[in-house]
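This report refers to the structure that appears directly beneath it.
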Amino acid sequence: MTDVISQLGQILEERKGASADSSYVASLYKNGLNKILEKVGEEAVETIIAAKDAKVSGDNKDVIYETADLWFHSMVMLAELGEEPSVVLEELKRRFNLSGLEEKASRSLEN
């Protein structure tokens, strides 16, 4: 799984130098962070709707599709901010063996 994420991260980085006319990702970069954030928000809403529909229908096809879009656009956002996907994987790894309640409490102590 991390190979796919790593490969996608490399492609997203390469697209930073591409012409906006030649690549959807390059056009997102050209339009800047606000446009990328709009797409992340749009995909988040679509994922929520698809999850609610999947709960009723029992068919997860659309929620999987929308989650892929959400992850993709989140990775574009991270790349725009100069981060690689591996930083998110490392954060998830850090949370192993840490209860969700403990992790949440540690965040409130940091703020």
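The values are calculated or read from the model by the stated rules, or taken from the named source; none is laboratory data. Everything numeric here is computed off the predicted structure, so don't read it as measured data. All Cβ positions, even for glycine, are placed from backbone atoms using ideal geometry, and neighbour counts span all protein chains on display. Side chains are part of the model used for accessible areas, which takes the heavy atoms of the whole protein and leaves out ligands, DNA and RNA. Shrake-Rupley method; radii C 1.70, N 1.55, O 1.52, S 1.80 Å.
Summary table below
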quantity: Helix-only CD estimate at 222 nm, as mean residue ellipticity for the chain, using -39500 (n - 2.57) per DSSP H run (n ≥ 4); calculated: -26000 deg cm²/dmol
quantity: Cα centre as origin, Lys/Arg/Asp/Glu Cβ charges: the chain dipole, Debye; calculated: 180
quantity: Cross-link partners of residue 39 among lysines (Cα-Cα below 21 Å; sequence separation of 8 or more within a chain); calculated: 16, 30, 52, 61
quantity: Heavy-atom accessible area per residue - the chain, 1.4 Å, Å²; calculated: 73
quantity: From phi via Karplus (6.51, -1.76, 1.60), per-residue ³J(HN,Hα) for the stretch 66-83 in Hz, x at Gly/Pro; calculated: 5, 5, 4, 4, 5, 4, 4, 5, 5, 5, 4, 4, 4, 4, 4, 8, x, 10
quantity: Accessible surface of the chain, 1.4 Å probe, proportion on carbon and sulfur as whole %; calculated: 56
quantity: Extension gain from residue 61 to residue 21, taking 0.36 nm per residue of separation minus the Cα-Cα distance; calculated: 11.3 nm
quantity: Taking the chain and dividing mean pair separation by its residue count, relative contact order in percent (alpha carbons under 8 Å, at least six apart); calculated: 23
